[in-house]
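For reference, the structure is listed below as structure tokens.
The values are calculated or read from the model by the stated rules, or taken from the named source; none is laboratory data. It should be emphasised that the depicted structure is a prediction, and the values quoted were computed from it without experimental measurement. Cβ sites come from the backbone with ideal geometry, for glycine too, and all protein chains shown count toward neighbours.
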Amino acid sequence: MTVNDVKEMTLKDLISLGDFTCSCGKVHSPGVAKVIIEKGAVNTLPALLEEIGAKKPFLLSGHDTFAAAGEVVCSVLEKSGYSYAKYVFPVSPVRPTEYTVGSALMHFDYSCDAIIGIGSGVINDTGKMLARATGMKYIIVATAPSMDGFVSGTSSMDRDGLKTSIYSTAAWGVVGDLDILCNAPMHLLRAGVGDMLAKITSLVEWKLARIIVGEDYCDVTAALVEKALGQVMSQAKKLLERDPEAVRSVMEGLVIAGIAMNYAGVSRPASGMEHYFSHIWDMRSLAFEDARFEQHGIQAGMGTLYTLMAYETFLKGNYCPDRERAMKFVEHFSLDDWNQQLLSFIGPGAEAMIEGENREHKYDAEKHKARFAVIEKNWDAILETIGTLPPASEIRTLMESIGFPTSAAVIGYDDEQVKTTFTMTKDIRDKYVGTRLFWDLGILQEIADRTFGRNS
Ligand SMILES: [Zn+2]
Ligand SMILES: [Zn+2]
């Protein structure tokens with residue numbers, strides 16, 4: 001398959017294509033067998049259960065999500081003669097912690113032979129963990145197109161206070177009933193758009209990582225996500241009217257992003273620096289009582305805007321790789337001081353980040369020197385790649401047009417804290433992102449100050 005083939009393909013085509021050998025040389029697997037996004041999609045549940053040979057599903061849901069879709073799922077199952085067991089979390093909101101997974105497992109009914117999650121973000125992540133623990137097939141009935149984790153084989157969890165991805169079981173089937181999705185809270189529809197907007201920056205950073213650290217890249221996978229992103233952006237305004245085609249574009253886009261991550265075998269096509277703003281805020285909210293958090297997609301959308309602003313500062317600065325400046329900067333960089341800053345801003349979650357650096361040694365001076373040489377050599381390609389990003393103002397206008405919050409002030413962060421968050425995005429995962437490039441160039445603090453204001 002090539003980039004040109006992608007342009008013609010629908011999500012349905014992709015699912016029926018299954019595994020294929022790509023022009024990048026890899027065999028790609030979508031990781032999901034069935035995706036049904038249409039009006040009345042829940043009515044396909046009995047047929048899906050029959051296909052996997054399940055006799056009695058276990059329903060896992062939250063309070064609000066059960067109210068949104070639980071009744072209709074139960075009635076569809078009852079009408080077709082299926083018995084089922086169910087557990088609806090008594091707490092709201094449900095957080096993706098050890099407690100939640102333990103609670104789901106302790107309420108699991110072992111006479112069941114399949115799991116149906118009814119919800120989106122946290123319920124889906126927990127359902128996938130439960131599926132892994134029990135070895136059963138998993139179907140998600142989505143109640144909101146709010147994030148791209150429907151088909152991923154990992155769950156985004158808070159473990160020991162650290163936002164972490166844990167291997168779980170990808171959904172065998174995704175049921176996106178437009179009658180349900182169109183009635184999702186507007187905030188969650190916006191969140192879905194935010195998680196799609198994140199692809200603007202994650203795709204560009206994937207290309208940067210290919211150039212600078214030689215990461216595997218697949219242009220077919222990238223083209224798929226780009227196309228889905230374009231559809232979401234062009235329909236976004238109609239979301240306010242709950243237009244079924246606009247809602248469909250978001251749900252399909254999120255599923256495609258998930259498939260793209262499965263194709264790539266890493267989260268690169270869908271997640272970069274913009275997501276690390278969100279991870280840091282999530283970790284702070286776990287560590288500090290006064291730190292609030294927002295929906296994943298809302299935070300990722302705000303992170304996208306901040307990331308675009310920083311890249312814009314970089315482009316406007318007409319920077320060149322200044323070897324002397326970069327080497328001096330690294331010489332004066334104190335890892336101990338930096339680790340202290342991470343701990344004090346992020347809390348105990350930073351310990352795993354510090355451990356990560358102990359394995360990775362990204363701050364090692366020799367490693368930096370080697371990367372700097374690659375950056376110098378490929379400077380034009382780097383500028384060209386970053387130059388493909390849209391202006392931050394364009395994305396801000398789009399966000400405003402659907403009432404999407406454009407500032408982390410809504411969750412209580414001032415400019416100084418946003419700036420600190422920005423500088424720490426490079427430490428979350430072993431992934432080359434924009435802040436690492438700025439650090440490598442010795443201009444991170446300058447970009448931070450110019451983008452988010454200088455500390456008075
Ligand atoms: Zn490929
Ligand atoms: Zn995301």
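Here's a check for you: in the range 1-26, which residue that is at pLDDT below 90 and away from ligand 1 (no atom under 14 Å from the Cβ) is farthest from the chain's Cα centre (by Cα)?
Glu8
For every residue, the table says whether it meets (1) under 19 Å from the mean Cα position of the chain (by Cα); (2) crowded, with 24+ Cβ neighbours inside 10 Å; (3) of a type in the set (Val, Ile, Thr); (4) assigned to a helix (DSSP H, G or I).
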site: Thr164; (1), (2), (3), (4): yes, no, yes, no
site: Ala171; (1), (2), (3), (4): yes, yes, no, no
site: Ala184; (1), (2), (3), (4): no, yes, no, no
site: Leu188; (1), (2), (3), (4): yes, no, no, yes
site: Lys207; (1), (2), (3), (4): yes, no, no, yes
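Can you go through Tyr276, Tyr306, Tyr319, Tyr311 and tell me which one is within 19 Å of Ile447 (Cβ to Cβ), touching a residue at least 40 places away in the same chain (Cβ under 8 Å) and within 14 Å of ligand 2 (Cβ to nearest atom)?
Tyr276
Return yes or no: is Arg292 away from ligand 1 (no atom under 16 Å from the Cβ) and assigned to a loop (DSSP other than H, G, I, E, B)?
Yes, satisfied.
Name the residues in the range 212-221 that are part of a helix (DSSP H, G or I) and near ligand 1 (Cβ under 9 Å from one of its atoms), would you?
The answer is Asp219, Val220, Thr221.
Would you check which residues across the range 129-153 are assigned to a helix (DSSP H, G or I) and either within 16 Å of ligand 1 (Cβ to nearest atom) or charged (D, E, K, R) (or both) and list them?
Arg132
Rundown of residues vs (1) closer than 17 Å to Asn183 by Cα; (2) aliphatic (A, V, I, L, M); (3) more than 24 Å from the chain's Cα centre (by Cα), yes/no style:
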| site | (1), (2), (3) |
| --- | --- |
| Val32 | no, yes, no |
| Ile52 | no, yes, yes |
| Lys56 | no, no, yes |
| Leu59 | no, yes, yes |
| Glu71 | yes, no, yes |
| Lys86 | no, no, yes |
| Ser92 | no, no, no |
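What are the residues in the range 16-51 that are free of Cβ contacts under 8 Å to residues at least 60 places away in the same chain and either within 16 Å of ligand 2 (Cβ to nearest atom) or among the aliphatic types (A, V, I, L, M) (or both), if any?
Leu17, Val27, Ala47
Before we move on, is Glu376 touching a Pro at 6+ places or on another chain (Cβ under 6 Å), farther than 22 Å from Gly297 by Cα, surrounded by fewer than 18 Cβ atoms within 10 Å (Cβ to Cβ) and modelled with pLDDT of 95 or more?
Yes.
Under the condition of being within 16 Å of ligand 2 (Cβ to nearest atom) and in contact with a Ser or Thr (Cβ under 9 Å, 6 or more places away or on another chain), which residue from the range 216-232 is farthest from Asp13 (Cα to Cα)?
Selected residue: Val232.
From the set of residues in the range 333-364 that are hydrophobic (A, V, I, L, M, F, W, C) and in contact with a Lys or Arg (Cβ under 8 Å, 6 or more places away or on another chain), which is surrounded by the fewest Cβ atoms within 10 Å (Cβ to Cβ)?
Filtering the range 333-364 for residues that are hydrophobic (A, V, I, L, M, F, W, C) and in contact with a Lys or Arg (Cβ under 8 Å, 6 or more places away or on another chain), the one surrounded by the fewest Cβ atoms within 10 Å (Cβ to Cβ) comes out as Phe345.
If you take the residues in the range 154-175 that are small (Gly, Ala, Ser), farther than 21 Å from Lys56 by Cα and in contact with a Leu (Cβ under 9 Å, 6 or more places away or on another chain), which one is farthest from ligand 1 (Cβ to nearest atom)?
This residue is Gly161.
Taking Phe333 as meeting all but one of (1) of a type outside the set (A, V, I, L, M); (2) closer than 17 Å to Tyr363 by Cβ; (3) assigned to a helix (DSSP H, G or I), write down the number of the exception.
Exception for Phe333: condition (3).
Can we say Lys199 is within 16 Å of ligand 1 (Cβ to nearest atom), assigned to a helix (DSSP H, G or I) and either more than 24 Å from Phe372 (Cβ to Cβ) or in contact with a helix residue (DSSP H, G or I) (Cβ under 8 Å, 6 or more places away or on another chain) (or both)?
Here the answer is no, as Lys199 does not meet what is asked.
Looking for something in a helix (DSSP H, G or I) and within 13 Å of the chain's Cα centre (by Cα) - is there at least one such residue anywhere in the range 230-253?
Yes, the range 230-253 has at least one match.
Determine, yes or no, whether Thr97 is more than 25 Å from Arg242 (Cα to Cα), surrounded by fewer than 19 Cβ atoms within 10 Å (Cβ to Cβ) and either of a type in the set (Ser, Thr, Tyr) or assigned by TED's automatic domain parsing to the domain that holds Met196 (or both).
Yes; evaluated as a whole, the condition is true for this residue.
Take the conditions within 16 Å of ligand 2 (Cβ to nearest atom) and either within 18 Å of Val73 (Cβ to Cβ) or buried (at least 20 other Cβ atoms within 10 Å of the Cβ) (or both) and apply them to Asp113. Does it pass?
no
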